[in-house]
Structures are given as structure tokens and as C-alpha cells.
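Shown next, in C-alpha cells, is the structure this report addresses.
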Amino acid sequence: MSDLSNKTVVITGGARGIGAEVARKAVAGGAHVVVADLLEADGQDLVKELGERARFIRLDVTSEEEWQRAADFAVAEFGRIDGLVNNAGISTGQPLETETVEHFRQVLDINLTGVFIGMRTVIPGMKANGGGSIVNISSAAGLMGLALTSSYGASKWGVRGLSKIGAVELGTSRIRVNSVHPGMTYTPMTAQVGIKEGEGNYPNTPMGRVGEASEIADAVVYLLSDAASYVTGAELAVDGGWTTGPTVKYVMGQ
Ligand code: NAP
């Protein structure tokens with residue numbers, strides 16, 4: 001368990017799925033957390049479960065004003081922001097040729113511009129505090145060309161790139177920026193498209209199973225913690241090996 005004692009972490013899209021597991025593990029690691037999400041009822045239930053070191057605030061990550069309000073709230077409640085997990089996102093899939101411009105813009109707005117606004121909002125405070133850790137949730141779709149993900153995949157490649165730019169610009173300010181790339185993970189998002197917990201051999205993943213939200217959360221908590229003090233600009237695939245490349249099932253000569 002990575003130690004997050006005395007750190008305050010803001011988690012977007014934190015009311016359910018991967019974000020909620022990050023919140024649970026961060027609190028277990030000693031952090032104060034601010035769960036920020038559109039889903040007010042789920043978010044309130046979660047912070048009740050997590051106890052006195054957790055708060056909820058409604059946040060639409062596409063809104064600069066709401067971002068500033070959320071950051072001010074975190075500082076008012078817990079004094080500072082040490083970690084930001086840009087996890088909120090939407091996932092959709094359709095062929096490139098039938099994707100609409102309007103929908104493409106909407107996905108980029110939430111999944112990429114939302115991450116950019118979040119980073120920009122917390123950077124001044126982190127600089128003033130002497131550092132911080134930003135973890136941006138990209139996807140396996142941000143590491144490879146995945147069919148039917150023109151808007152989603154483009155947004156997640158963008159998140160990967162933005163993370164590297166942040167790492168380079170903010171390194172000497174002791175702000176680390178890393179991206180995490182989940183493979184197919186069982187959450188409410190993927191349950192909606194028929195993914196089942198522990199489903200075998202999807203989608204040709206070397207480990208032969210779907211991931212659990214808690215397995216992604218472990219990687220995020222590591223990157224938030226001082227155990228990752230020299231890790232920045234990294235792209236951490238937590239995907240059961242999905243993005244290793246084509247799976248070779250035979251060995252020459254056998
Ligand atoms: P999830 O269960 O749908 O949770 C995402 C949360 O983000 C939801 O509570 C959602 O609320 C919220 N959200 C959406 N738009 C928002 C906005 N504009 N402002 C604030 N919150 C917003 O999804 P998940 O599977 O945990 O995914 C979390 C992250 O991991 C996403 O960035 C996703 O792309 C990434 N990821 C997931 C997988 C996977 O297999 N699950 C794989 C690779 C990457 P609403 O329900 O109201 O939209």
C-alpha cells in the first residue's frame with residue numbers, strides 16, 4: 001500500500017468505477033480526498049462510506065468556473081491540493097466515417113479539454129506548495145490504433161501527449177505528471193456495453209481476463225505517492241498485456 005498520509009487528492013469522475021476505487025484506496029492510504037463528479041447521489045454516498053477525510057463536490061470538467069470552484073473547495077476543506085487524478089471521461093464507439101463532428105467535439109471537450117483545464121487550475125497551487133502529482137487517466141486506446149474509437153481514441157492519445165508536455169514543463173517545479181492506460185476494465189462504463197466481470201480472454205488480452213477497477217487504482221495511488229518520486233512523463237499500461245503487441249501463441253520449432 002502506497003502511503004498518501006497528509007496529502008489531499010482531487011479525483012474527477014470519482015463517484016463510481018475506477019475513480020471511486022482510487023478514492024477508496026487513497027483514503028485507505030491516509031489521504032484526504034475530494035470526489036468531483038456529475039453524479040451527485042453516487043458521490044455523496046461514496047464520501048459517506050469513506051468518512052471524515054472525504055468530501056464531494058459537483059464538477060463538470062468542461063467548465064472552467066466549476067473547476068476553480070472545486071479547487072477552491074478542496075483548499076478550503078483540507079488546506080492544499082497535492083494530487084489530481086483526471087479520471088472523468090466518456091466512452092463511445094462508432095466507425096470514423098459515421099462519427100459526427102458535433103459528437104467528436106463533445107468527446108474531446110470532456111476527455112481532453114477537461115484534463116487540460118484541470119491541470120491548469122491546480123498548477124499554481126502545486127507550485128506554491130513546492131510540488132504535486134498529476135495522474136491523467138488515458139486508455140489502452142491512447143497507446144494503439146483501436147478500431148471504432150476515433151473520438152475516444154483521439155482524446156486518449158491527446159491525454160497521453162498532454163501528460164508528457166506537462167511533465168517536461170513542470171519537472172523543475174517538482175510537479176510530476178504521468179498517464180495511466182487501463183485495458184478493458186469492469187466498471188459501470190463497460191458494463192453498459194456488455195462487459196462482464198472476469199470475462200475470459202477479452203479482447204485477446206495475454207492475461208486472459210478483464211481488469212478490475214481496484215487494479216487500476218493501485219497504479220494511480222502509486223503514482224500519487226512519494227514511492228514514485230522520480231517517475232514523471234511515464235505512460236503506465238495496466239492492461240493485462242493488451243498493448244504488448246500481437247499475441248504470439250507459438251514458439252518457433254514447437
Ligand atoms: P465510469 O464508470 O463511467 O465513471 C466515469 C465517471 O466520470 C462517471 O461518474 C461519469 O458521470 C463521470 N463524468 C463523465 N463526464 C463528466 C464530466 N463532464 N464531468 C465530470 N464527471 C464526468 O467510467 P470508468 O470505466 O470508471 O472510467 C474512468 C476513466 O478510465 C475514464 O476516463 C475512461 O475513459 C478510462 N478508461 C476506462 C476503461 C474501462 O475499461 N473501464 C478503459 C480505459 C480507460 P456520468 O455517468 O454522469 O457521465
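Under the criterion of Cα pairs below 8 Å and six or more residues apart, the relative contact order for the chain equals 19 percent. Within the shell of other residues whose beta carbon sits under 13 angstrom from the beta carbon of Arg174, the net charge comes to -1, with Lys and Arg scored +1 and Asp and Glu -1. Here the accessible area is traced with a 1.4 Å probe on the protein chains. For the chain, carbon and sulfur cover 53 percent of it.
Relative contact order for the range 1-132: 25 percent, from Cα pairs under 8 Å spaced at least 6 residues apart, divided by residue count. Counting pairs on different chains as well as pairs 8 or more places apart, how many Lys pairs in the chain have Cα atoms under 18 Å apart? Taking the Cα cut-off of 18 Å, the pair count is 5. Over every Cα atom in the range 1-41, the radius of gyration and the widest Cα-Cα span, Dmax, amount to 9.8, 29 Å.
Only Lys, Arg, Asp and Glu carry charge here, each on its Cβ (+1 for the first two, -1 for the last two); on that basis the chain has a dipole of about 580 debye about its Cα centre. For the chain, the Cα gyration tensor yields ellipsoid semi-axes of 29, 20, 19 Å (square root of five times each eigenvalue, largest first, whole Å). Across all Cα pairs in the range 68-132, the calculated P(r) in 5 Å bins from zero up to the longest distance comes to 4, 15, 22, 18, 12, 10, 8, 6, 4, 1 percent per bin. Each Lys or Arg adds one and each Asp or Glu subtracts one; over the other residues with Cβ under 9 Å from the Cβ of Phe78, this totals +2. A cut-off of 5 Å between modelled amide H atoms, ignoring neighbours fewer than 5 places along the same chain, links Ala237 with His181.
Helical content alone sets the calculated 222 nm signal of the chain at -12000 deg cm²/dmol, taking -39,500 (n - 2.57) per DSSP H segment of four or more residues and averaging over every residue. Computed with a 1.4 Å probe on the full set of protein chains, the accessible area for Arg58 sits at about 80 Å². Build a GNM of the chain with springs between Cα atoms under 10 Å apart, and of Gln44, Gln68, Gln192 the one that fluctuates most is Gln192.
The values are calculated or read from the model by the stated rules, or taken from the named source; none is laboratory data. These numbers were taken from a predicted model, which means no experiment stands behind them. Positions of Cβ are backbone-derived with ideal geometry, glycine not excepted, and every protein chain shown enters the neighbour counts. Surface areas here come from the heavy atoms of the whole protein model, side chains and all, with no ligands, DNA or RNA. Shrake-Rupley method; radii C 1.70, N 1.55, O 1.52, S 1.80 Å.
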